[in-house]
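Asker: Sharing a structure, written as structure tokens. Questions coming.
The values are calculated or read from the model by the stated rules, or taken from the named source; none is laboratory data. Keep in mind the model is a prediction, meaning the values are calculated, not measured. When we count neighbours, we look across all protein chains shown, and the Cβ atoms used for this are built from the backbone with ideal geometry, even at glycine. SASA here: full protein model, heavy atoms, side chains in, ligands and nucleic acids out. Shrake-Rupley method; radii C 1.70, N 1.55, O 1.52, S 1.80 Å.
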Amino acid sequence: MRTTLTIEDDVAAMIRRIQRRDQKPFKVVVNDLLRKGLVESSQQAEEHRHYSTPELSSGPCRFADLDNISEILAVAEREDYS
């Protein structure tokens, strides 16, 4: 695919240094760097995507009926509930 891409001066200078060092054409260096960056980016996205929090059991519920708010408040306020 042929496309026009504007590369900032500092990035172009780094690419040229790699080009001279490796003695590869400019487009080969750019494609190699893009490919490497895209692979690393997708691997990082995979790592984040699979994160989960551990489960924690809070034990059995102390109340048979959670709709009975007065019972729950009485226990929370340490009152006798009849």
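Asker: Output the qualifying pairs, or none if there are none: Cβ atoms under 7 angstrom, residues six or more apart or on different chains, first residue in segment 12-34 and without any contact (Cβ under 8 Å) to a residue 40 or more places away in the chain, second residue among the charged types (D, E, K, R) and open to solvent by 50 Å² or more (accessible area, probe 1.4 Å).
Answerer: V29/D22
Asker: Applying the selection to segment 34-74, what residues are at pLDDT 85 or above and of a type in the set (K, R)?
Answerer: Selection gives R35, K36.
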